[in-house]
Protein chains: 4
Amino acid sequence: MATVQQSPNRAQALEAYYQELRQFSTAPLWTVLKSLLTPTPQPRAVPFIWRWRELRPYVYRAGELIGTEEAERRVVMLCNPGLDGAAAVTNTLYAGLQLILPGEIARTHRHTAAAIRFIVEGHGAYTAVDGERTLMNPGDLVLTPNWTWHDHGNESAEPMVWLDGLDLPLVNAIDAMFFEEYPQTVQPVTKALDDSRRKYAQGTLLPAYERHLGHYSPLLNYTWERTHAALIELAAHDTGSPYDGVVLEYVNPRTGGPVLPTMACYAQLLPPGFEGQARRRSISAIFHVVEGEGYTEVGNQRLDWQAKDTFCVPSWAPCRHVNTSSGKPAFLFSFTDAPVLQALGLYREAAE
Amino acid sequence: MATVQQSPNRAQALEAYYQELRQFSTAPLWTVLKSLLTPTPQPRAVPFIWRWRELRPYVYRAGELIGTEEAERRVVMLCNPGLDGAAAVTNTLYAGLQLILPGEIARTHRHTAAAIRFIVEGHGAYTAVDGERTLMNPGDLVLTPNWTWHDHGNESAEPMVWLDGLDLPLVNAIDAMFFEEYPQTVQPVTKALDDSRRKYAQGTLLPAYERHLGHYSPLLNYTWERTHAALIELAAHDTGSPYDGVVLEYVNPRTGGPVLPTMACYAQLLPPGFEGQARRRSISAIFHVVEGEGYTEVGNQRLDWQAKDTFCVPSWAPCRHVNTSSGKPAFLFSFTDAPVLQALGLYREAAE
Amino acid sequence: MATVQQSPNRAQALEAYYQELRQFSTAPLWTVLKSLLTPTPQPRAVPFIWRWRELRPYVYRAGELIGTEEAERRVVMLCNPGLDGAAAVTNTLYAGLQLILPGEIARTHRHTAAAIRFIVEGHGAYTAVDGERTLMNPGDLVLTPNWTWHDHGNESAEPMVWLDGLDLPLVNAIDAMFFEEYPQTVQPVTKALDDSRRKYAQGTLLPAYERHLGHYSPLLNYTWERTHAALIELAAHDTGSPYDGVVLEYVNPRTGGPVLPTMACYAQLLPPGFEGQARRRSISAIFHVVEGEGYTEVGNQRLDWQAKDTFCVPSWAPCRHVNTSSGKPAFLFSFTDAPVLQALGLYREAAE
Amino acid sequence: MATVQQSPNRAQALEAYYQELRQFSTAPLWTVLKSLLTPTPQPRAVPFIWRWRELRPYVYRAGELIGTEEAERRVVMLCNPGLDGAAAVTNTLYAGLQLILPGEIARTHRHTAAAIRFIVEGHGAYTAVDGERTLMNPGDLVLTPNWTWHDHGNESAEPMVWLDGLDLPLVNAIDAMFFEEYPQTVQPVTKALDDSRRKYAQGTLLPAYERHLGHYSPLLNYTWERTHAALIELAAHDTGSPYDGVVLEYVNPRTGGPVLPTMACYAQLLPPGFEGQARRRSISAIFHVVEGEGYTEVGNQRLDWQAKDTFCVPSWAPCRHVNTSSGKPAFLFSFTDAPVLQALGLYREAAE
């Protein structure tokens, strides 16, 4: 760019001009253009890992300090250190660890932010969505889509903890949050337990006698039992992707597309000794380790992980997964904002 | 319509005029208009049932009279009595019973007519499609889509018979048939056995590391084992449709739509004593009885069926299914041209 | 194929077997397989041209011999010589020349066969579709989609002739015809004249305050005035396609797709002296010459054409257009079954 | 909600706990839940109007203070008073007034933020996009979609000012900004002037010989001449919407959908004396007055407007338009983030 001579007078004139602009709620573009139109994404969110062995005591401590009735939801939120304490892991995604103790209920409400639940520990608490209940076990992926009535209850004898994933920062960023409480604490159960599992969990066979009109998957619970079995079976014959190993997307069986219009979910198996190639994508992702140990390089950070840890990969950061075990596969669950970027024509990826 | 006086002169003049028109490869519309624009569809195909106990000996007799090498495919075609001996069950659908004896090969070819195979008896013969093989067993649905290389071979010790279903009459009616032989008798096997089953048979979990670009399902074999289990499980909780009982559509897991762009496939369970309501649809359908006994009223015909029988329902004929067993469910497989009618905006249905 | 020894006994046995099969409404595939699975499409329809100078007197003669009231529609149908007198130009498409005299009405009815009208001569007769009327002039393309109420009336002082194009053979081939007469001869006019033209003829600007839910274009009349101007303007800068010159598809402004789910319409300008390259397509097409003279080679036939002639190109026939005028462009209108072949995954093209 | 007794000890324990959580980059959800899950959207952006008569001198003053070469783009940005000086009118949309003087060039670059330009004053400057130029005049809508090379130049004798509209806040909020400079100042012109206008401005007639694969409209310039004429013609017969009067959406002629995947554009005519009904929508919008005078109530603010003013309507604010002239129509242009909300399943509207 040619250098314009910055005479003192000109600088003063510009400054005066800028002040006048401010009075009219305007401003010069040229002083900030380079910070707005960056060559590549400059996420404020940083690569970060939340370790289960550190957080677990605090999650359970919450159970002593506050009740679900008071809390509405008893959740320890994961706050990206780059985002100034916001309730956000990245600019679009939120995650938290939710605890529900035996006998507790998390009351019925609905909101336009969509949520996924990935079970960390405990067995047999339920989630109810629009009249259907499912019992949850470790590794299960449970959906509570945009504007569906949902409540949780723990009728088992053990506490349950799950990872909540929401598009909360996105929905608030685009000013689209609606929230409503149900008249009663617990919504009526109107369907048989796991009704949607019988109808939709085959995927390749769908009930011809009912239409599901939502933009989201009709399947309430993608059980880990099936996900795990599918990964194992696939990995016996297939190496999958050089970046991700054997990676499956959880899909909406009505469309073959993502489970929610704002979030995509994946389960992946990194074979023993897997050393992935690095890749950048214009999406942000939150990973949760189901089983195994290894590390993920995100930019120039190395995030060492083991079971039940949670970590994030901001947009366009080079990301590379390694399974450090020579004998056991590692299993990762992840969710991303890929459907958003794809719908808006902004998805990119590049091998490093 | 007002009556125009048909003076002898006018009649003569019209006849002379019609003859002249013929010379120019033209004709009056008004003499045939009512036969073209009918109030409802007037299929020439009639309701009909082909009984397995009658046909079985002839199917096996073909195995004595002709080899697969000579025949290319050894098939006893089902010919609708209303269609003048055409290779067609309805105006759009073809079906036949194909026999392959131990040690035989049905050589590799491809064609734009798409095919489905529904296994009637025998165990362990294979179908190969584009480099992947699957072993077939009774009740399995195997796809050989439009323009995919396919061959069949029987390396088992027993004969196998399956029901072929093709869109052959349709593809020929719209002048779109292409056919090609593979240079060798048997195409090379380039994928692991049942590769697509591991990748696509979950439906709700799809490999994120490969794209399948076809307009058809990537899943080669929808096994009866899974279909049967899904029907049983669903029927334990659900009554399904008043017309069809518990009915599942086999779908393309990449889209949630029909397995092929020209044919949709269904499996249904009629509970013991089921007496369906009658319904008309602007599609034609071919049913195959997997298990059980009962009858289907099609218009004013009653087609009594038992296991392995095949019957057809022409367009817009009222159709009503009854399971005459008070103790056992009946299982029907069917395929229809519904995707064609739907894609063209011509699908209709009406309860009787 | 290996030769199996045809002993006299075997031939007899086969013949006896074939006769038995017939009794059960079955037949061997292998005796007809090669006629069904042809290497390329074998349309019975032949390339043919109907010349306006020959047909015109017969079209007007119909006006003397029969009234619209008696005829329902007074149409001289074009019958492909290869199709045994069927009401068809190809296996999927029908065409006819319809005459409506001053003061006449072609009463209101609807049918599932969709129709296009391309005006040949006359000015100012109307077509009404679902309560909206348009006045027609030469070169206008008017749509009467599947199941829309439509009537025609000639309140002008001159006769009008148009080319009717319908998917009649297709709709009957797939047994999907429904037809209904309106209670009155003339349906009520419920919209302003050319209501849809004001709303939809811009294409790039659509009314945000109404939804059009049909699978067909909401625009009733694509006037020749605009089509002609667009072709002329485009041809001033662009050479278009080596096969078709400057060719525009009439589209549904709500989708950018074909005007009807079963038929696509095109207008093309062949520049002076244009000698197109030959191409095959797995579709059938009917062309109508709006202006100019030249010829089209279809397979090894040469169809010399001039204004108002109509000719057809069967599926997969190599087709090559030539404008024999060195000074004037030629204008062709055409309609095809391309949307059908495309929807079903059966569309192909190949340069010769 | 039941009241848990807040003993001093408990309060202390909680505070201590919260501090500990902070050390692990975590936080309690329950203290902020109500601020995150709001009953309705709580945009920080406020209703605001920028008046042309006030801003015009400052826009031209920029032309004296800074060159396009130095500025890259010489734009006075509109900054919503609720958004703390951010380069944003709403959380998703940016707007600015760009000035280009005779002889100037705004150099070639591209970015993933998409832009629309709506011409305010001046005649004949050009925008070039991917090798095609168009000359711009007041009221024209010019698109420079995501990742297309674009430059502007003013070869006319008068200054030109346009309103820039971008999805900049959104693209940065979702960390998807990429930016690149072209090697040369001015990209080569590879197409005839207004090439896309000849091909795509009819909308209802599209070139059959080229495919446009972008997710955005292929039409570079939607001229005011045509938009104005379409509105006038439509308003002569139609009252349009009770909320918006006669309102047209600018669409992508290849799809009938919005011009860009992130922004929809509209032109509307408020008839003389029009008093709209109020409505809320879960989108944000920026309006620009092309002609006329009136006011828009946004929530409990009244924004009085006249020609060339620009104002905004935040998400879910009740919005009501009034044309205060009893004799003349008013013309508004607007752009919104509706495609984003719709793609993500978050669009809502409600009459007040």
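Taking only the C-alpha atoms of segment B:190-254, the Rg (one decimal) and the largest Cα-Cα distance, Dmax (whole number), read 14.2, 45 Å.
Taking 30 Å as R0, compute the FRET efficiency from the Cβ-Cβ separation of C:SER326 and C:GLU158 and round it to 0.05. Efficiency at R0 = 30 Å is approximately 0.30.
Heavy-atom accessible area buried between chains A and D is around 7400 Å² (1.4 Å probe, both sides summed). Site pair A:VAL189 and C:TYR182 shows an inter-label distance of 5.7 nm when each label is modelled 7 Å from Cα along Cα→Cβ.
Annotation for segment D:170-221: GluC sites (Glu not before Pro) lying in DSSP loop with at most 15 further Cβ atoms inside 10 Å of their Cβ are D:GLU210. Between copies, the label points at D:GLU293 (set 7 angstrom from Cα along Cα-to-Cβ) are spaced 6.6, 7.7, 9.1 nm, reported in nanometres from shortest to longest. Here r is the Cβ-Cβ distance between D:ALA11 and C:HIS237 and R0 is 60 Å; the resulting FRET efficiency, rounded to 0.05, is 0.20. Note on A:69-77: average number of Cβ atoms from other chains within 10 Å of each residue's Cβ is 6. Kirkwood analysis of the Cα pair distances in chain B returns a hydrodynamic radius of 21.9 Å. Pairs from the table (C:LYS191/D:LYS328; B:LYS308/B:LYS328; C:LYS308/C:LYS328; D:LYS308/D:LYS328) lying more than 19 angstrom apart at Cα are C:LYS191/D:LYS328.
Of the GluC sites (Glu not before Pro) found in segment C:29-75, none is in coil by DSSP with at most 15 other Cβ atoms within 10 Å of its Cβ. Under the criterion of Cα pairs below 8 Å and six or more residues apart, the relative contact order for segment C:83-200 equals 37 percent.
Considering only A:ALA114, A:VAL186, A:GLY63, and ranking their Cα positions along the charge dipole of chain A that arises from unit charges at the beta-carbon of Lys, Arg, Asp and Glu, the one farthest toward the positive end is A:ALA114.
Calculated accessible area for chain A comes out at 35 Å² per residue, all protein chains present (probe 1.4 Å; ligands, DNA, RNA ignored).
About the Cα centre of chain C, what is the dipole size in debye to 20, counting +1 per Lys and Arg Cβ and -1 per Asp and Glu Cβ, all else neutral? Show your work: numbers first, answer last.
Working: 29 positive and 38 negative charges, 154 e Å.
Magnitude of the dipole: close to 740 debye.
Each Lys or Arg adds one and each Asp or Glu takes one away; over the other residues whose Cβ falls under 11 Å from the Cβ of A:ASN221, this sums to -1.
Provide the FRET efficiency to the nearest 0.05 for the B:ALA351-C:GLU20 pair, computing r from the beta carbons and using R0 = 51 Å. It comes to 0.80.
Charge dipole of the protein assembly as shown (Cα centre as origin; +1 on each Lys and Arg Cβ, -1 on each Asp and Glu Cβ, all else neutral): 0 debye, rounded to the nearest 20. Projecting the Cα atoms of C:PRO329, C:GLN23, C:PRO253 onto the charge dipole of chain C, computed from C-beta unit charges around the Cα centre, puts C:GLN23 farthest toward the positive end. Taking every Cα-Cα distance in segment D:213-352 and sorting them into 10 Å bins from zero, the calculated P(r) comes out as 12, 42, 36, 10, 0 percent.
Mean per-residue shielding of peptide A:105-111 is 1, counting Cβ atoms of other chains within 10 Å of each Cβ. Distance from a point 7 Å along Cα→Cβ of B:ALA307 to each backbone N in segment B:262-283: keep the residues under 12 Å and list them by number. Inside the label zone: nothing.
The values are calculated or read from the model by the stated rules, or taken from the named source; none is laboratory data. All values reported here derive from a predicted model rather than from experimental measurement. As a convention, Cβ positions derive from the backbone with ideal geometry for all residues, glycine included, and neighbour counts pool all protein chains shown. The area values use the complete protein model at the heavy-atom level, side chains included, leaving out ligands, DNA and RNA. Shrake-Rupley method; radii C 1.70, N 1.55, O 1.52, S 1.80 Å.
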